[in-house]
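Contents: one structure, followed by commentary.
The values are calculated or read from the model by the stated rules, or taken from the named source; none is laboratory data. None of these values were measured; they are calculated from a predicted model. Quick reminder, even Gly has a Cβ in these numbers, built from the backbone with ideal geometry, and neighbours come from all protein chains shown. All accessible areas refer to the heavy atoms of the entire protein, side chains included, with ligands and DNA or RNA removed. Shrake-Rupley method; radii C 1.70, N 1.55, O 1.52, S 1.80 Å.
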Amino acid sequence: CRSISESEVLEILKNGEINYDKSQVHDKPCPSYALEGNTADGQHVRIVFAECDSTTKVITTIDLDKDNDDCHCE
């Protein structure tokens with residue numbers, strides 16, 4: 001929906017910078033981390049990951065360059 005591929009998500013997970021203002025590092029049972037960076041095609045994105053047990057899940061992806069996100073993903 002937001003044109004962010006799985007490989008780009010993995011790249012942000014590996015090389016993105018944590019935005020602590022947008023993260024919930026003390027949430028129980030799953031803290032969340034908002035990582036920001038640029039995708040291979042130049043999108044400036046924030047991807048929120050939750051760390052649950054031994055699994056990391058994608059909560060949401062946000063294109064930071066778009067003012068009005070009218071994308072409704074299902």
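Quick rundown of the values:
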| item | result |
| --- | --- |
| Charge tally in the Cβ shell below 14 Å around residue 7, where Lys, Arg are +1 and Asp, Glu are -1, residue 7 excluded | -3 |
| Fraction of accessible area attributable to carbon and sulfur, the chain (%, probe 1.4 Å) | 44 |
| Between 0 and 90°, nearest 10: helix 6-15 axis offset from the chain longest Cα axis | 60 |
| 1.4 Å probe accessible area per residue over the chain, in Å² | 73 |
| Theoretical gain in end-to-end length, residue 22 to residue 63 [0.36 nm per residue, Cα-Cα removed] | 13.3 nm |
| Label of the coordinate-derived value, percent of Cα pairs over 19 Å apart, listed as [x] 33; [y] 23; [z] 29 | [x] |
| Charge sum, other residues only, whose C-beta stays under 9 Å from residue 44's C-beta, Lys/Arg counted +1 and Asp/Glu -1 | -2 |
| Spatially near lysine pairs across the chain, Cα under 20 Å, sequence gap of 8 or more or different chains | 5 |
| Centre separation in Å (Cα based) which lies between segment 18-32 and segment 40-62 | 12 |
| Residue-span extension gain [residue 14 to residue 54] - 0.36 nm each, minus C-alpha spacing | 12.8 nm |
